[in-house]
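Below is one structure; the comments refer to it alone.
The values are calculated or read from the model by the stated rules, or taken from the named source; none is laboratory data. All figures in this text were calculated on a predicted structure; none of them were measured in a lab. Reconstructed Cβ throughout: ideal geometry from the backbone, glycine too, with neighbour counts over all protein chains shown. Accessible surface areas use protein heavy atoms only, side chains included; no ligands, DNA or RNA. Shrake-Rupley method; radii C 1.70, N 1.55, O 1.52, S 1.80 Å.
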Amino acid sequence: MKKKWNIKLEVLGVLLAILWLAPFYLMFVNSFKSKKEIFMDTISPPESWSFDNYIKAFEELDFMQTLFNSLLITVISVVLIILFSAMAAYALSRAKSKLSTVFFFTFVAAMLIPFQSVMIPLVTVFGKFDMLNRGGLIFMYIGFGASLSIFLYHGALNNIPRSLDEAATIDGANRWQVFWHIIFPILKPITVTVAILNIIWIWNDYLLPSLVINTPGSETIPLKMFFFFGEYTKQWHLALAGLTLAIVPVIIFYFFAQREIIKGVSDGAVK
Amino acid sequence: MRTKDLSYWLFLAPVLLALTLVVIVPMLLGVYYSFTTWNGINTGEFVGFQNYIDLFHDQRFLDSLWFTTKFSVVSVILINVIGLSLALLVTGRVRSSKLLRTTFFMPNLIGGLILGFIWQFIFIKVFASVGEIIGMESLQGWLSTTDTGFWGLVILMSWQMAGYIMVIYIAYLEGMPKELLEASEIDGASSFQRFRFVVFPLVAPAFTVSMFLTLSNTFKLYDQNLSLTGGGPYNSTEMVAMEIFKTAFMQNAFAYAQAKAVIFFIIVAIIALVQVYLNKRKEVEM
């Protein structure tokens with residue numbers, strides 16, 4: 001049966017999409033207005049598209065540095081989560097035993113623990129060892145990111161036949177070579193999913209950096225945004241320019257990877 | 001590979017170390033500290049269940065727990081209804097399907113903190129000016145009362161998460177055998193009947209996943225709460241996560257806050273397990 005086109009549904013969809021985007025529209029148009037103009041009218045486009053707010057917000061946010069900090073932390077964390085989780089899941093899926101089962105369930109059960117339940121001891125313990133810095137933050141992301149990632153990798157690995165490992169072993173490959181040259185490349189689709197889920201979470205995380213990062217200059221975007229916003233609560237024009245700046249990198253990422261992102265999210269939830 | 005092999009342990013070592021130091025040790029320490037007068041530096045003395053007894057008389061904590069529960073129930077229902085509706089819409093006979101999916105999903109890519117700030121502007125400034133234009137005074141001063149603050153959070157959360165849940169429902173809707181739908185259509189089922197008796201039972205497994213996600217996300221909400229209302233007015237929109245944070249880091253009552261955190265964990269775990277259990281049972285019946 002060929003799909004007929006339903007115009008009513010189409011119109012409804014477009015209207016809803018406009019409603020969905022309205023908050024972004026309002027943020028965007030008002031970010032170009034002066035304080036006075038926002039007071040007069042919040043709906044219309046600005047009288048003139050002046051970049052003054054952006055220049056001020058860019059400087060106040062130390063935007064290039066903040067963007068770099070976010071990129072650095074996200075990229076390193078996600079690369080390490082991918083590598084270490086895939087390795088662990090490989091070991092657990094290939095060495096079937098009671099011990100592996102116990103490990104696997106421990107990793108999965110850790111997903112149930114809300115961050116607030118470990119937050120206070122985590123910060124005090126890491127504080128004692130002088131680990132409240134970017135290195136410590138990345139290490140924490142590995143710990144918190146491992147559960148879901150191992151779960152996803154484990155599912156995918158169970159579908160890769162062991163005969164592949166055995167063939168490579170007979171050809172003289174050691175464990176690491178089998179994993180790195182044979183298995184890991186096959187895992188690419190699930191790696192994309194794992195990467196996307198972790199990127200979204202880590203890039204946007206506020207609470208953990210707010211507890212761990214306390215040196216000026218190493219703040220991530222959400223963290224900097226929080227302080228910036230506190231300073232400019234009454235100056236919406238600057239605050240909105242800052243918010244728009246903060247969103248731009250995400251929009252660019254979404255523009256280039258939307259297919260993988262939506263697929264990754266649905267695979268991650270369905271599996 | 002065998003568990004005796006050195007390679008087994010080398011492959012596991014990095015995550016084992018990270019998970020142990022970041023989740024397991026803090027969790028066990030946390031449970032221990034919750035029975036003491038720990039102040040973040042000294043362990044203090046062992047006080048048994050005193051912290052736990054105290055928190056059941058702590059009106060602010062109980063209020064936050066009640067507020068969180070109300071917020072979660074309302075949000076979970078709304079997010080799932082909107083999410084499923086959006087999924088049905090974009091899998092229906094529309095040409096802009098891909099664009100619509102991209103649009104509805106977009107808020108999920110942006111952090112809760114930033115989304116909260118955007119909506120703060122909308123509730124405070126845009127609502128006020130719209131209210132002035134159309135002469136609805138009730139649109140003034142959103143976020144400054146407990147009720148409107150509550151609905152503000154619900155609106156923000158529904159707008160953000162419905163697109164995420166939509167993606168999950170889409171996955172199940174598209175995995176549905178087309179023949180079933182066509183057969184029922186030929187048999188003369190109305191679209192409501194088709195939805196009720198064919199589509200609905202087939203997407204039931206999606207409920208398990210999406211209920212779990214929405215429930216745990218709304219119950220543990222912190223960022224949006226912080227940036228939208230900050231817990232105000234007078235802590236009346238303060239959710240549990242924020243209440244625990246403030247008890248620990250603003251009042252410096254570390255052991256007491258940790259006791260609250262343990263209770264929080266128990267509640268989250270019970271909700272998650274009961275919910276998955278009930279949904280799984282329902283799936284089998286269908």
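Values computed for the structure shown
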{"item": "Complete set of residues in region A:161-185 that are open to solvent by less than 60 Å² (accessible area, probe 1.4 Å) and in contact (Cβ under 8 Å) with a residue 40 or more places away in the chain", "result": "A:D165, A:F179, A:I183, A:F184"}
{"item": "Residues that are open to solvent by 50 Å² or more (accessible area, probe 1.4 Å), outside any helix (DSSP H, G or I) and within 9 Å of chain A (Cβ to nearest Cβ), drawn from region B:17-57", "result": "B:I41"}
{"item": "Helices (runs of 4 or more DSSP H) (entirely within region B:189-286) containing at least 2 residues that are of a type in the set (G, A, S)", "result": "B:200-219, B:240-249, B:254-285"}
{"item": "Qualifying residue in region A:41-51 (condition: under 26 Å from the mean Cα position of the chain (by Cα) and open to solvent by 10 Å² or more (accessible area, probe 1.4 Å))", "result": "no"}
{"item": "Residues of region A:13-40 that turn out to be free of Cβ contacts under 8 Å to residues at least 40 places away in the same chain and facing chain B (nearest Cβ under 7 Å), as a count", "result": "7"}
{"item": "Qualifying residues in region A:52-88 (those that are of a type in the set (D, E, K, R) and in a helix (DSSP H, G or I)) - the one most open to solvent (accessible area, probe 1.4 Å)", "result": "A:E59"}
{"item": "Residues of region B:137-164 classified as under 25 Å from A:A17 (Cα atoms), free of Cβ contacts under 8 Å to residues at least 24 places away in the same chain and open to solvent by 50 Å² or more (accessible area, probe 1.4 Å), total", "result": "1"}
{"item": "First in region B:173-188 and over 19 Å from B:V90 (Cα atoms) and within 11 Å of chain A (Cβ to nearest Cβ), second anywhere and open to solvent by less than 80 Å² (accessible area, probe 1.4 Å) and charged (D, E, K, R), Cβ under 9 Å, 6 or more apart", "result": "B:E185/B:R194"}
{"item": "Some residue of region A:69-89 being touching an Asp or Glu at 6+ places or on another chain (Cβ under 8 Å), away from every other protein chain (no Cβ under 11 Å) and of a type in the set (S, T, Y)", "result": "no"}
{"item": "Residues being surrounded by fewer than 19 Cβ atoms within 10 Å (Cβ to Cβ) and either in a loop (DSSP other than H, G, I, E, B) or among the β-branched types (V, I, T) (or both) - total across region B:1-16", "result": "4"}
{"item": "Set B:V23, B:V15, B:V47, B:V31: member being modelled with pLDDT of 95 or more, of a type outside the set (S, T, Y) and under 29 Å from B:N235 (Cβ atoms)", "result": "B:V31"}
